[in-house]
Amino acid sequence: MTLESNIPDGPLEQKWTNYKNNAKLVSPANKRKFELIVVGSGLAGASAAATLAEQGYKVKCFCYQDSPRRAHSIAAQGGINAAKNYQNDGDSVYRLFYDTIKGGDFRAREANVYRLAEVSTDIIDQCVAQGVPLAREYGGLLANRSFGGAQVSRTFYARGQTGQQLLLGAYAGLSHQIALGSVKMFPRTEMLDLVVVDGHAKGIVVRDLNTGEITTHAGDAVLLCTGGYGNVFYLSTNARGCNVTATFRAYKRGALFANPCYTQIHPTCIPVSGDYQSKLTLMSESLRNDGRIWVPKRKEDCGKEPASIPEEDRDYYLERKYPSYGNLAPRDISSRSAKEVCDEGRGVGPGGLGVYLDFSDAIKRLGQSTIEERYGNLFEMYRNITGENAYERPMRIYPAVHYTMGGLWVDYNLQSNIPGLHVLGEANFSDHGANRLGASALMQGLADGYFVIPYTLGNYLTTQFGKKVDSSHPAFEQALADTNARVKRLMDIKGTKPADDFYRRLGLIIWDYCGMARSAEGLKEAIGKIQALREEFWSDLRILGTDGGINMELERAGRVADFLEFGELMCLDALVRDESCGGHFRVEHQTPEGEALRNDENFSFVSAWKYEGDGNMPSLIKEPLVYEKVKLATRSYK
Amino acid sequence: MKFHLKVWRQKTCKAPGKLEEYVAENIPAEASFLEMLDIVNSQLTGKNIEPIQFDSDCREGICGTCSLTINGIPHGKGRGTTCQLYMRNFKDGETITIEPFRADAFPVQRDLVTNRSAFDRVIQAGGYISERCGSAPDANAVPISKVIADQAMDAAACIGCGACAAACPNSSAMLFVSAKVTHLGLLPQGKPEKSRRVLNMVHQMDEEGFGNCSNYYACEAVCPAGVPASFIGRMNREFTAASVKEMVGMSV
Amino acid sequence: MITSSSSSVRTGPCPAHLWIFSSIGKKTIVALTGIALILFVIGHLLGNFSIYLGPDAMNLYAEKLHDLGPILWVIRLGLIAVVVLHIYFTMLLWKENRTARPQKYIASDPIKTTVFARTMRLSGLIVLAFVIFHLAHFTVRVVDPSFQEMHTLLDGRRVHDVYAMVIKGFSSAPVVIVYVVGLFLLTFHLSHGIASLFQTFGITNSRIRRNYECAARVLAWALFAGYVSIPIAVLVFGLGKGVGQ
């Protein structure tokens, strides 16, 4: 099997324009005849559903939340990048493209990233027209701030709630289309399987989370906009409900899963305080501008009150290791360094998993009121969650998983290897390579939904005239029966432990062996442990109640079951990628200074995994990454 | 810590419900309220009692999914959502009553899970700006003063959780509706549809069975996003102005 | 394609009907009638103050009002209509508000609401009962039939001696207690009612709300002080003792 990425011809800057000029169009009269299935209502899903409906397609949109407005895109804080160059500071489409490619450690597909940078400017126009209240300057023009990995100010924001405001903008557009009857919305409905007819994605199987009823829906194309799989770690900054089920089920029906080992770990989160914990909370990275990160030099001091540890017994390890960047070292470096000192036993707080972020110097230098002005809301949030006053006692922070760059493999059309199955947003793999830059996730979700899929979908649909399949097709009946059997199997285990028990243990395995630092030996061990855990799950799970009506334990068990399989795939991918790049750090491959060491000669490819049946090793298909424009370089932060 | 819980249990939408009593034991003070319920649920599963069904998702106070009324206060004491409430704020041994958000327009689906789709329908009635993707002018083409943009943002911060309607003795949704009317009505992009929007949204709100505003201001006291009740006043004004326009035969 | 904007005229039932029976419309009607009643209450108090100018002043004021003839009846019927509308729309709102929450909270908490706001219906109904008593007392004069017989000479005309009637009326401690209680509840009603007007008409923002809420309370209590001063002056300080007897 070879992968056809379908990148259009021509120079990089002309590819998207050429593509649009030659893309197949569907006439308005024919659009009405096509029914599209959109799964997920986050930035990618809501924007795609609204825009396609606006164009005249009939759309069905599904989400597991009780309202499309609650998708987890809502939690993004920082901002959205766009190459507007409103600051006149030298920004351009090319620079945004290059920063993104470089930030991704040269593991993303060049043409896709260039297109992303190109449409980024349209996104801002679109959002402002929708009424998204992006921050303004007194003169009435849009404000920008700078973000990691860039030397220009190109990030647009709406206080600390940019994701919320962009999502509500897309939700408003979606609501408008629902009111017009062009979108039919199915909230609290979870996709449990993909229906493939003669090699084409033609429908989905869903469970109504209110009634427990399992049904099928047929459509002319299926768009998965179901987000990432960060929750495989159990603890992450993702929402409780975020899951891999939709994309993993598609994988099991033949879609390729690309680069599952690429995960991003954010350095400044509030540490875990106990095993009851269900969620990690991100603290803005901006805190590192004024806070100094340290741990005690000696293990014995870890339990002491931080104020009682004298200056000479403190190790400001980022300042020591990276004198020029210091506390502002990039995300992956900071995260990894925190892990290192904690592994040495010098971590602070419960379980020794935390480092201090100390503002006492900044308070002395600038006064408490300045610090309050800059970070007051973050200190308040920290106090609310931990009960500690960070003005008096250093904050404790620790890295946490918050984004996954891997996802279903897609070509330039955002179509997976299964014709008709399109994948948008965090659910696909295409734009961020091995590491994502801050404020780029929102950009990608909206680019895919507003400006890419409306142009690329026609290429597939024009091949589908007269090929409508309805849900009485045997493939639908088969998928329905499979799903019912699976639910029944889960209900019938009648063991002793709730799903979360297994889930928490899975998370620990993944975190320990496939987290910030990975080794061949550890990954092999992890695979064995996951297999054993999976076996235990399928023999000792307990779900009370019935499969009719609301049963959140059942919902959770189904998601955990998929994570238990997916976790293994992730470890396998991490094992096979025998190099370090971006968020994927293999301890065997580092420079003498401990930096990630890429192997461009052997690993400049996308790993796409094909499901080969339960119990069989999935097969690896490689898509070589060809760079026409950029030269591969080593990132340095010294 | 240990708590005595009285939890509303209700099998289905139509079945009658009642408070059941449970004991929550070995709860860490650092646990959030929802994590306390997670622990209780796993203890209940061990005792062969069906876990308490409750909604939650982001658990960082922004998605608006959680919908618990704790000791009679939606989202419990203090500003913020239920997920941002921590057990250290309760006394050891305290009795805590947990009920769902209550309003005729928010029917209980099961236990503490309510159906808040009425809010979605109110937004569908007009909580948007009609624009076509791809037709937008440059984002800086229309300057918007910082003051107006900030005020619009204050209104747009609403997370749609429904605590306002759950706290209001009349189950009125005026704070929610006024937040959207204010957000869009303040911005130049939203002006062309201003009158239609407020008329359609208010009539839809009435149709959903929410109560009327008695200026109690319980809504703003519980609003996790800090949306002020003065936006309700603004909406009253806009609604009456739009109605008068319509009465005298002007197109809106 | 955007189709919802294709028709610029909203179609449907009569716009006035839609407004009147919308939640905000009903509320606004209660507020408008409330304004009329507050103006009446203020005007009534100013008239009452004539008592401090002596018997002739008060009787002259009463007689001028009577001389309005048919106009007086128009005003009276108007006031009755205003009261009826005020109560009717309040009851409509009340009924809807009750059905908006069929299942009450078992554990309840007043959450910020003031006692004035929570007792609007009760205070309103008691005020209504008080007004009926007041009308029976001084207008229809059935509480003490002897009021019918009080007359005096004003500029040579034989007129009803309102001044003497008021003095006699307020010489009874139980009656004064009824008045003080009735007026106290009116004050309760107005301290929320006056502030609410601003919110209902949308003359508000977060900053000025505190100011008008305060002003509303001051006005309500000022009215209370003004009204109550008369029965107290009569009963406690012996205003009008010996006059006309």
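Kindly establish whether A:Asp547 is assigned to a loop (DSSP other than H, G, I, E, B), touching a Gly at 6+ places or on another chain (Cβ under 8 Å) and closer than 28 Å to A:Val222 by Cα.
Values: assigned to a loop (DSSP other than H, G, I, E, B): yes; touching a Gly at 6+ places or on another chain (Cβ under 8 Å): yes; closer than 28 Å to A:Val222 by Cα: yes.
Answer is yes for this residue.
Looking at (1) more than 14 Å from chain B (Cβ to nearest Cβ); (2) surrounded by 22 or more Cβ atoms within 10 Å (Cβ to Cβ); (3) of a type outside the set (A, V, I, L, M); (4) in a helix (DSSP H, G or I), which is the only condition A:Cys127 fails?
(1) is the only condition that A:Cys127 fails.
Starting from the stretch A:611-638, keep only residues that are polar (S, T, N, Q), then list their pairs with residues that are part of a strand (DSSP E or B) and modelled with pLDDT of 95 or more whose Cβ atoms are within a distance under 9 Å, requiring at least 6 positions of separation or different chains.
A:Ser619/A:Trp609; A:Ser619/A:Lys610
Any idea which of B:Ile73, B:Ile62, B:Ile52 is farther than 22 Å from B:Lys2 by Cβ, buried (at least 19 other Cβ atoms within 10 Å of the Cβ) and not small (Gly, Ala, Ser)? Reasoning before the result, please.
Details: B:Ile73 fails: farther than 22 Å from B:Lys2 by Cβ; B:Ile52 fails: farther than 22 Å from B:Lys2 by Cβ.
Of the residues listed, the single one that is farther than 22 Å from B:Lys2 by Cβ, buried (at least 19 other Cβ atoms within 10 Å of the Cβ) and not small (Gly, Ala, Ser) is B:Ile62.
Any chance the stretch A:588-600 includes a residue that's among the basic types (Lys, Arg), out of contact with any Gly (no Cβ under 7 Å at 6 or more places or on another chain) and more than 30 Å from A:Ile418 (Cβ to Cβ)?
Going residue by residue through the stretch A:588-600, those that are among the basic types (Lys, Arg) are A:598.
Narrowing further to those that are out of contact with any Gly (no Cβ under 7 Å at 6 or more places or on another chain): A:598.
Next, only the ones that are more than 30 Å from A:Ile418 (Cβ to Cβ) stay: A:598.
So far as the stretch A:588-600 goes, yes, one or more of its residues are among the basic types (Lys, Arg), out of contact with any Gly (no Cβ under 7 Å at 6 or more places or on another chain) and more than 30 Å from A:Ile418 (Cβ to Cβ).
Of A:Thr456, A:Thr370, which residue is in contact (Cβ under 8 Å) with a residue 60 or more places away in the chain, part of a helix (DSSP H, G or I) and away from every other protein chain (no Cβ under 14 Å)?
Values: A:Thr370 fails: in contact (Cβ under 8 Å) with a residue 60 or more places away in the chain.
Only one candidate passes the filter, namely A:Thr456.
From the list A:Arg145, A:Arg159, A:Arg154, which residue is more than 19 Å from the chain's Cα centre (by Cα), of a type in the set (D, E, K, R) and facing another protein chain (nearest Cβ under 8 Å)?
On the way: A:Arg145 fails: facing another protein chain (nearest Cβ under 8 Å); A:Arg154 fails: facing another protein chain (nearest Cβ under 8 Å).
Result: A:Arg159 is the single residue among A:Arg145, A:Arg159, A:Arg154 that is more than 19 Å from the chain's Cα centre (by Cα), of a type in the set (D, E, K, R) and facing another protein chain (nearest Cβ under 8 Å).
Say we look at the stretch A:49-75 and pick out the residues that are part of a loop (DSSP other than H, G, I, E, B) and within 23 Å of the chain's Cα centre (by Cα); which of these is nearest to A:Met443 (Cα to Cα)?
Just the residues of the stretch A:49-75 that are part of a loop (DSSP other than H, G, I, E, B), to begin with: A:56-57, A:63-67, A:71.
Among the residues that remain, those that are also within 23 Å of the chain's Cα centre (by Cα) are: A:63-67, A:71.
Numbers: A:Cys63: 21, A:Tyr64: 23, A:Gln65: 23, A:Asp66: 25, A:Ser67: 22, A:Ala71: 16 Å.
Selected residue: A:Ala71.
When only residues in the stretch B:214-252 that are hydrophobic (A, V, I, L, M, F, W, C) and at pLDDT below 95 count, which is nearest to C:Ser196 (Cα to Cα)?
Filtering the stretch B:214-252 down to residues hydrophobic (A, V, I, L, M, F, W, C) leaves B:218-219, B:221-223, B:225, B:227, B:229, B:231-232, B:235, B:239, B:241-242, B:244, B:247-248, B:250, B:252.
Imposing the further condition that a residue be at pLDDT below 95 reduces the set to B:247-248, B:250, B:252.
Numbers: B:Met247: 25, B:Val248: 27, B:Met250: 29, B:Val252: 28 Å.
Ranking the candidates gives B:Met247 first.
Which one of these is more than 11 Å from chain A (Cβ to nearest Cβ) and closer than 25 Å to B:Ile70 by Cβ: B:Gly209, B:Gly162?
Working: B:Gly162 fails: more than 11 Å from chain A (Cβ to nearest Cβ).
Within the list B:Gly209, B:Gly162, the selection yields B:Gly209.
Restricting attention to the stretch C:91-113, report how many residues are buried (at least 19 other Cβ atoms within 10 Å of the Cβ), touching an Asp or Glu at 6+ places or on another chain (Cβ under 8 Å) and aliphatic (A, V, I, L, M).
1
Only residues that are of a type in the set (Ser, Thr, Tyr) and either assigned to a helix (DSSP H, G or I) or surrounded by 24 or more Cβ atoms within 10 Å (Cβ to Cβ) (or both): list them for the stretch B:226-252, please. So that I can check it myself, show each step before the final result.
Within the stretch B:226-252, the first condition is being of a type in the set (Ser, Thr, Tyr), and the residues that meet it are B:230, B:240, B:243, B:251.
Answer for the stretch B:226-252, where residues must be of a type in the set (Ser, Thr, Tyr) and either assigned to a helix (DSSP H, G or I) or surrounded by 24 or more Cβ atoms within 10 Å (Cβ to Cβ) (or both): B:Ser230, B:Thr240, B:Ser243.
I'd like the full set of residues that are assigned to a helix (DSSP H, G or I), crowded, with 24+ Cβ neighbours inside 10 Å and within 9 Å of another protein chain (Cβ to nearest Cβ), limited to the stretch B:167-190.
B:Ala167, B:Met174, B:Lys180, B:His183, B:Leu184, B:Leu186
Only one of (1) surrounded by fewer than 24 Cβ atoms within 10 Å (Cβ to Cβ); (2) more than 9 Å from chain B (Cβ to nearest Cβ); (3) basic (Lys, Arg) is not met by A:Arg136, so which one is it?
(2)
Being more than 8 Å from chain B (Cβ to nearest Cβ), within 19 Å of the chain's Cα centre (by Cα) and either part of a strand (DSSP E or B) or of a type in the set (Asp, Glu) (or both), is that true of even one residue in the stretch A:76-87?
Within the stretch A:76-87 (the criterion being more than 8 Å from chain B (Cβ to nearest Cβ), within 19 Å of the chain's Cα centre (by Cα) and either part of a strand (DSSP E or B) or of a type in the set (Asp, Glu) (or both)), the answer is yes, since at least one residue qualifies.
Specify which of the listed residues (A:Asn18, A:Asn30) is within 24 Å of A:Gln444 (Cβ to Cβ), in a helix (DSSP H, G or I) and either in contact with a His (Cβ under 6 Å, 6 or more places away or on another chain) or away from every other protein chain (no Cβ under 11 Å) (or both). If you could, list the steps in order and put the result at the bottom.
Values: A:Asn30 fails: within 24 Å of A:Gln444 (Cβ to Cβ).
Just a single option satisfies the conditions, and that option is A:Asn18.
The values are calculated or read from the model by the stated rules, or taken from the named source; none is laboratory data. None of these values were measured; they are calculated from a predicted model. Methodologically, a virtual Cβ is constructed for each residue, glycine included, from the backbone with ideal geometry; neighbour enumeration extends over all protein chains shown.
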